Amino acid sequence: MLPMHQMPDFATPMTGGDAAHGSGTQPAATLTVLNVAYPLAPVGPDAVGGAEQVLSMLDRALVHAGHRSIVIACGGSKTSGTLVEIPAENGVLDEAAKSRAQQAHRKAIAAARARWPIDVVHLHGIDFDAYLPDDGPTLVTLHLPLDLYPAAALRPTRGDLWLHAVSPSQQKTAPPGARLAAPIPNGVDIEALNLPQPKRDFALVLSRVCPEKGIHLALDAAQQVGVPLVIGGKVYPYETHTRYFRDEVQSRLDGRRRFLGPLGFTAKRRFLNAARCLVIPSLAAETSSLVAMEALACGTPVVAFPNGALPDVIEHGRTGFLVDTVDEMAQAILAAPSLDAETCRAEARRRFSLERMISSYMDAYQALAQLGTARRRLAAAP
């Protein structure tokens, strides 16, 4: 493994390359990149989870730049490049389902590497260590809080295995001994999100439905001040998630507080642009919050608990409000329309560039591919 002072800094282009050409003064080589999704969640432009959305954006960018993009993901996924589909688990998502999906991933990765000349494998799942290839240039994006990963998985010993966080805030939470490259901050497609339309009088929550997302607290806050609340999200069939939806969310719904289920990109954009504010009641240490960035790109302020990276995304009193209690959340929902929509959009354009994110990933792919080529040449030398 490279010493920490030699670990790559993906967030800063090495010599001024761009998303299509990577770094350096010479044109970058055409790459074949194998992106591997979390095995229990489909990917595509309408995906719910942040990890799945980032993978989808990378897949599209690779194809647009003339590279070969191959994606391993479960049934129901949609890709720009070549999709290698594993069976979707349609029942309860228990340990047995997870084990089956991980085994399918291991087989699919081996088959893809045997069929195509893969330059880089890019893993996105929290369980990446269950199907991590034994060798070859590999990038792992740590989309979730670092304390959810096995500590040993964050201490790679191979020089061609690079792990990175998605924000400086997340990077600071790395446990002792973790060996991470510089973060690659997330970005969003600001132009695609733009949809000028009048604001309407409702607050919005967009989230996976599970206990740590605290959706019941947003419902309580909206009810307290009499503001309609719309919830878009998916209830994955984990037992704890379905029980939480039944006991804590469904019981709080009424004519003015509605659950719409998963929203595709077109519907999500419409709701984000029309809402008086986005509410993020998450109790977890958010690593980046794509949805907060998307809301600001739509000119919509964000009301949130200051957990994880959210204080780095939201400027209190300018692009949203950071609150500590449900009562404060309720008052912030009332006050949100007083914040300037164009200020939110301007901050999103300045800080959450999709092009910057894509360029950093392309730099990482090119650097890993070059490392792999150098190692193969060394191994073949007499």
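Under a 5 Å amide H cut-off, with hydrogens placed 1.01 Å from N, residue 140 pairs with 123, 162, 163, 164 among residues at least 5 apart or on other chains.
As a rough guide to protection, the peptides 202-209, 296-303, 265-272, 159-166 ranked by mean Cβ packing within 10 Å, highest first, stand as 296-303, 202-209, 159-166, 265-272. Expressed as a whole percent, the accessible area of region 282-348 that falls on carbon and sulfur atoms is 51 (1.4 Å probe). In the full protein context, the chain carries 42 Å² of accessible surface per residue, based on a 1.4 Å probe and ignoring ligands, DNA and RNA. Summarising the amide proton neighbourhood of residue 279: residues at separation of 5 or more, or on other chains, whose placed amide H is nearer than 5 Å comprise 204, 205, 206, 303.
Taking amide hydrogens as placed 1.01 Å from N in the peptide plane, the amide H of residue 287 sits under 5 Å from those of 309, each at least 5 positions away in sequence or on another chain. Classification of the chain by its C-alpha gyration tensor yields a prolate form. The axis ratio a/c (a ≥ b ≥ c) is 1.5 or more, and a/b outweighs b/c. Of the solvent-accessible surface of region 102-242, computed with a 1.4 Å probe and all protein chains present, 54% belongs to carbon and sulfur.
Reported to the nearest whole Å, the Cα centre-to-centre distance from region 272-297 to region 150-213 is 13. Put simply, the C-alpha atoms of region 314-365 give a gyration tensor, and the ellipsoid matching it has half-axes of 31, 14, 6 Å, longest first. In terms of its C-alpha gyration tensor, region 171-304 comes out oblate, because a/c is 1.5 or above while a/b does not outweigh b/c.
So what is the 222 nm mean residue ellipticity for the chain from helices alone, if each DSSP H run of at least 4 adds -39500 (n - 2.57) and you divide by all residues, rounding to the nearest 500 deg cm²/dmol?
Counting only the DSSP helices, I get -10500 deg cm²/dmol.
Highest GNM mean-square fluctuation, the chain, Cα pairs closer than 10 Å: which of 133, 198, 211? In the Gaussian network model the winner is 198.
Think of the chain as a dipole: +1 on every Lys or Arg Cβ, -1 on every Asp or Glu Cβ, centred on the Cα centre; then among 181, 125, 145, 125 lies furthest on the positive end.
The values are calculated or read from the model by the stated rules, or taken from the named source; none is laboratory data. Since the model is a prediction, treat every value here as computed from it, not as a measurement. Here the Cβ is made from the backbone with ideal geometry for all residues, glycine too, and neighbour counts use every protein chain on show. These accessible areas exclude ligands, DNA and RNA; they are computed on the full protein's heavy atoms, side chains included. Shrake-Rupley method; radii C 1.70, N 1.55, O 1.52, S 1.80 Å.
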